[in-house]
Structures are given as structure tokens and as C-alpha cells.
Number of protein chains: 2
Amino acid sequence: MKQVSSDKPREAALTEAVLGIVGERGLDQVSVREVATAAGVSIGTVQHYFPTKERMLAAAYTEAVRRIRARLQALRVGPDPRRHMTLVLRQLLPLDERRVAESRVYLAFAAAAATSASLAEIQQEVLTELHTALTDAFATAWGDAAPRARCRLAAHAVIALADGLALHAVTTSGWIGGRQLTAAAELVLDGLQLGQLHEAQPGQPAVHVLDNAELP
Amino acid sequence: MKQVSSDKPREAALTEAVLGIVGERGLDQVSVREVATAAGVSIGTVQHYFPTKERMLAAAYTEAVRRIRARLQALRVGPDPRRHMTLVLRQLLPLDERRVAESRVYLAFAAAAATSASLAEIQQEVLTELHTALTDAFATAWGDAAPRARCRLAAHAVIALADGLALHAVTTSGWIGGRQLTAAAELVLDGLQLGQLHEAQPGQPAVHVLDNAELP
């Protein structure tokens with residue numbers, strides 16, 4: 001037991017070193033040697049905690065995701081579900097220095113999940129968790145009038161929007177700023193809300209809906 | 001002149017090898033050695049065409065983007081702007097094997113642009129191009145009633161949505177399928193359309209708009 005508790009800070013320092021390298025220089029710059037140098041320990045020590053690079057990256061991604069989750073959980077659910085959704089979305093957007101750093105790290109791991117089974121597993125877990133929470137938020141906001149399938153789709157759209165906006169903000173220099181990030185997010189949230197109101201009022205003129213079956 | 005024309009196929013083969021490695025194993029697996037092996041040439045030959053890894057990656061990203069652009073340009077602009085927007089969005093989503101492969105490669109480079117100035121430059125160029133085209137498409141769809149700023153925001157939202165949905169599709173195994181990708185995209189396009197209709201008809205009840213100034 002003693003060993004576990006005294007090992008925790010060392011392991012956390014290594015994970016922190018990995019996150020620092022990913023954020024500043026990119027995921028491809030992570031190696032046992034670089035992490036050892038950044039954390040001020042020997043290569044053997046890094047290998048003791050993380051026998052493979054894959055496990056090292058998985059531990060770092062898990063930690064990155066834990067931090068984002070903690071921030072989301074700290075949000076108080078107020079009486080206004082629409083406002084709550086805005087608050088959630090803002091936590092996912094790179095609107096200050098801390099969130100820019102987090103987004104850079106998160107997106108590096110998220111993209112790498114395309115070719116890593118262990119990262120993909122973490123990725124799918126965090127997406128599922130967020131998707132469930134947002135589906136519930138839409139269900140609360142829209143009440144019984146909204147079919148669950150519509151809430152699920154809206155949640156998919158909102159998470160994708162947040163990740164896409166974050167990607168564009170952290171991979172360009174000033175191409176899209178904080179005001180545009182939040183305004184674009186609000187435009188979509190407003191539109192989803194209007195779409196649901198429209199759907200729930202059969203008297204309204206039909207929305208232009210395309211038949212997708214024939215499309216490429 | 002002769003040399004340029006005979007060099008082109010060799011350079012294209014090397015770029016192809018880079019794209020293959022990125023798509024199958026990830027950007028961090030690209031090295032001069034791996035590319036030489038994949039293309040069946042010597043390390044010296046790779047270095048002759050691409051003196052640095054950075055230039056090799058930039059050339060490969062440029063080629064990846066060129067293919068997506070070519071597919072978008074092949075779309076015929078029909079008389080229905082809303083339908084055109086759906087078609088553009090569908091070209092950006094990983095809806096078939098070819099587009100899945102393209103999305104994997106595009107997203108790997110896009111994420112790496114966070115820590116690479118040369119990739120960021122290409123990234124910003126392609127985003128700007130797409131953003132301008134989509135802003136024009138919204139302006140055509142919405143006519144004089146829509147302020148340019150709203151068209152620009154809607155374009156930001158749509159590109160972000162496409163990139164976010166693609167990211168989720170290629171980094172999870174079946175968490176989000178083709179039907180959900182297109183349905184989520186349509187939900188947002190419908191919402192943006194309704195938002196604009198709503199905006200253009202002042203008689204409608206006010207949309208719930210939040211005052212963002214006070215938010216974190």
C-alpha cells in the first residue's frame with residue numbers, strides 16, 4: 001500500500017511531462033527519452049511506470065480527459081436548460097489560455113485515436129459519456145415533445161461542432177476568434193431549438209427537407 | 001524541363017507512400033526510412049525530393065487537400081442552394097471507404113497543424129477557401145435578407161460540424177454511422193435555415209438568446 005501511495009506523485013509527474021510535450025511539440029515528439037528528460041528521471045524509471053509507449057499515451061489521454069470531465073462536472077445545472085447547454089459548450093471551446101492548451105492536447109490524442117486501438121477506446125468512452133449527458137440536456141430542454149432520436153442527433157451535432165470549432169481555433173493563428181466560436185455555437189443551438197419548436201407545431205409551413213436516399 | 005517531367009511521377013509516388021503510412025499507421029510513423037521502404041526507393045532518393053520531414057509532410061498534406069478540393073469542384077451547382085450545401089457537406093463526411101481514408105489522413109494532418117507552422121499554413125488556406133465558398137452559398141440561399149456576418153458564422157459552423165463529425169466517425173468503431181452523420185448534418189442545416197427565416201420575419205416571437213457577456 002505504501003508503495004502505491006508514494007508512486008502516485010511520480011506517475012502523475014510523468015503523465016504531466018507527456019501532456020506538456022504533446023501540447024507544445026506534438027504527439028509525434030513523445031518518446032521515452034523525451035519524457036525522461038522533461039520529468040528529470042531516468043529512462044528506466046519511465047519504463048518502470050509505462051512499459052510501452054502505447055500505455056504511456058493512454059495514461060496521458062486518460063488524464064487529459066479527466067480534467068475536462070472535472071470542469072464539466074463542476075458546472076451547476078441551473079433552471080434554464082438552454083443556458084446550461086451554452087455553458088457546457090463553452091467549457092469545450094478554447095476560450096482562454098487553459099482551454100486552448102487542453103484543446104491542443106485533447107485534439108492531438110483524438111486524431112491519433114484513428115490509428116491506435118487503446119486511444120480509440122478512451123475516445124469512444126469520453127464521447128459516449130458526453131453524448132449521453134447532452135442527449136439528456138436536450139430531452140430536458142425540449143420535454144416530451146421531442147423524440148429521443150432527435151435529442152440524440154442534436155447531441156451528436158453539438159459535440160461535433162465543439163470539436164470542429166476547437167480544431168479550427170487551435171490549428172490556425174487567429175483565423176477564428178473567441179467571439180466567432182461562441183457566436184457560431186449559439187447560432188447552431190438557436191437553430192436546433194427553432195427546429196424542435198417547428199417540429200412540435202404541426203401548423204407551421206414545412207421545412208425544406210431533402211430526400212437523401214438518392215444522394216452520393 | 002525534361003527532368004521536371006520525369007521527376008513528377010517519382011515525387012508523386014513518394015507523396016502517395018506518405019499518405020498511405022499516415023492513413024494506416026498514423027502521422028507519427030512517418031519517417032524517411034519508412035517512406036523509402038514503402039515506395040521501394042533508397043533513403044537518399046527520399047531525401048533528394050524532401051530534404052526535411054517537414055517538407056515531406058507539407059507536400060503530402062497539400063496533395064491530400066488537393067484531392068478533397070477536386071471532389072468539391074466536381075460538384076455541379078444546381079438551382080437549389082440548400083441541396084448544394086447538403087452535397088458539399090456530404091463530400092466532407094466519411095460516408096464511403098474512399099472518404100473514410102481521406103478523412104483519416106486529413107484529420108491527422110489537421111491535428112498536427114497545432115504544432116507545425118508549415119502544416120498550419122496549409123490548414124488555414126484550405127479552411128479559408130472552404131469558408132469563403134460556404135459563405136457565398138449561404139448568401140445565395142438566404143438572399144439579401146441575410147447579413148454577410150451571419151452567412152460567415154453559418155459557414156464556420158458547418159465546416160466545424162463536418163470536421164467534428166468526421167473526427168468522431170474515424171476515431172471510433174461504429175459509434176456514429178453514416179445515417180447519423182448525414183442526419184445530424186441535416187438537422188443543423190435545417191436549424192440554420194429556420195434561424196434565418198425567423199430572423200427575416202420580425203413578426204415571429206423572439207428566440208431565446210443568451211447574454212454571453214457574463215459567461216465564463
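The values are calculated or read from the model by the stated rules, or taken from the named source; none is laboratory data. Just so you know, these numbers come straight off a predicted model, no measurement behind them. All Cβ positions, even for glycine, are placed from backbone atoms using ideal geometry, and neighbour counts span all protein chains on display. What goes into the accessible areas is simple: the full protein's heavy atoms, side chains included, and nothing from ligands, DNA or RNA. Shrake-Rupley method; radii C 1.70, N 1.55, O 1.52, S 1.80 Å.
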Looking only at the stretch B:171-179, decide whether some residue is more than 12 Å from B:PRO94 (Cβ to Cβ), of a type outside the set (Ser, Thr, Tyr) and outside any loop (DSSP other than H, G, I, E, B). yes
Any residue that is facing another protein chain (nearest Cβ under 9 Å) and either in contact with a helix residue (DSSP H, G or I) (Cβ under 9 Å, 6 or more places away or on another chain) or under 18 Å from A:LEU187 (Cβ atoms) (or both) - is there at least one of those in the stretch A:125-132? yes
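Can you say whether B:THR45 is more than 26 Å from A:PHE109 (Cβ to Cβ), of a type in the set (S, T, N, Q) and in contact with a helix residue (DSSP H, G or I) (Cβ under 6 Å, 6 or more places away or on another chain), as far as the supplied structure shows?
Values: more than 26 Å from A:PHE109 (Cβ to Cβ): yes; of a type in the set (S, T, N, Q): yes; in contact with a helix residue (DSSP H, G or I) (Cβ under 6 Å, 6 or more places away or on another chain): no.
No: the conditions fail for B:THR45.
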Let me spell it out: the conditions are (1) under 19 Å from B:GLN73 (Cα atoms); (2) modelled with pLDDT of 95 or more, and B:ALA137 meets all of them except one. Which number is the exception? (2)
Does any residue in the stretch A:185-203 that is more than 7 Å from chain B (Cβ to nearest Cβ) come within less than 6 Å, Cβ to Cβ, of a residue that is open to solvent by 20 Å² or more (accessible area, probe 1.4 Å) and at pLDDT below 90 six or more places away or on a different chain, and which pairs are these? A:ALA200/A:ALA145
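Does A:ALA160 satisfy being assigned to a helix (DSSP H, G or I), in contact (Cβ under 8 Å) with a residue 12 or more places away in the chain, open to solvent by less than 10 Å² (accessible area, probe 1.4 Å) and facing chain B (nearest Cβ under 10 Å)?
On the way: assigned to a helix (DSSP H, G or I): yes; in contact (Cβ under 8 Å) with a residue 12 or more places away in the chain: no; open to solvent by less than 10 Å² (accessible area, probe 1.4 Å): yes; facing chain B (nearest Cβ under 10 Å): yes.
For A:ALA160, the condition - assigned to a helix (DSSP H, G or I), in contact (Cβ under 8 Å) with a residue 12 or more places away in the chain, open to solvent by less than 10 Å² (accessible area, probe 1.4 Å) and facing chain B (nearest Cβ under 10 Å) - is not met.
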Of the conditions (1) open to solvent by 10 Å² or more (accessible area, probe 1.4 Å); (2) touching a His at 6+ places or on another chain (Cβ under 7 Å); (3) not acidic (Asp, Glu), A:HIS131 clears all except one; give me its number. (1)
Can you tell me which residue in the stretch A:93-113 is nearest to the other protein chains (Cβ to nearest Cβ), limited to those that are charged (D, E, K, R) and buried (at least 21 other Cβ atoms within 10 Å of the Cβ)? A:ARG104
When the residues of the stretch A:2-11 are narrowed to those that are exposed (fewer than 14 other Cβ atoms within 10 Å of the Cβ) and under 26 Å from the mean Cα position of the chain (by Cα), which ends up modelled with the highest pLDDT? A:PRO9
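Just for the stretch B:140-155: of the residues that are among the aliphatic types (A, V, I, L, M) and open to solvent by 30 Å² or more (accessible area, probe 1.4 Å), which one is modelled with the lowest pLDDT? Break it down stepwise before answering.
Step one: of the stretch B:140-155, the residues among the aliphatic types (A, V, I, L, M) are B:141, B:145-146, B:149, B:153-155.
Imposing the further condition that a residue be open to solvent by 30 Å² or more (accessible area, probe 1.4 Å) reduces the set to B:141, B:145, B:149, B:153.
Working: B:ALA141: 90, B:ALA145: 82, B:ALA149: 95, B:LEU153: 97.
Only one residue tops the list, namely B:ALA145.
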Of (1) more than 13 Å from the chain's Cα centre (by Cα); (2) closer than 21 Å to B:ARG67 by Cβ; (3) more than 10 Å from every other protein chain (Cβ to nearest Cβ); (4) crowded, with 21+ Cβ neighbours inside 10 Å, B:SER116 satisfies every one except (3)
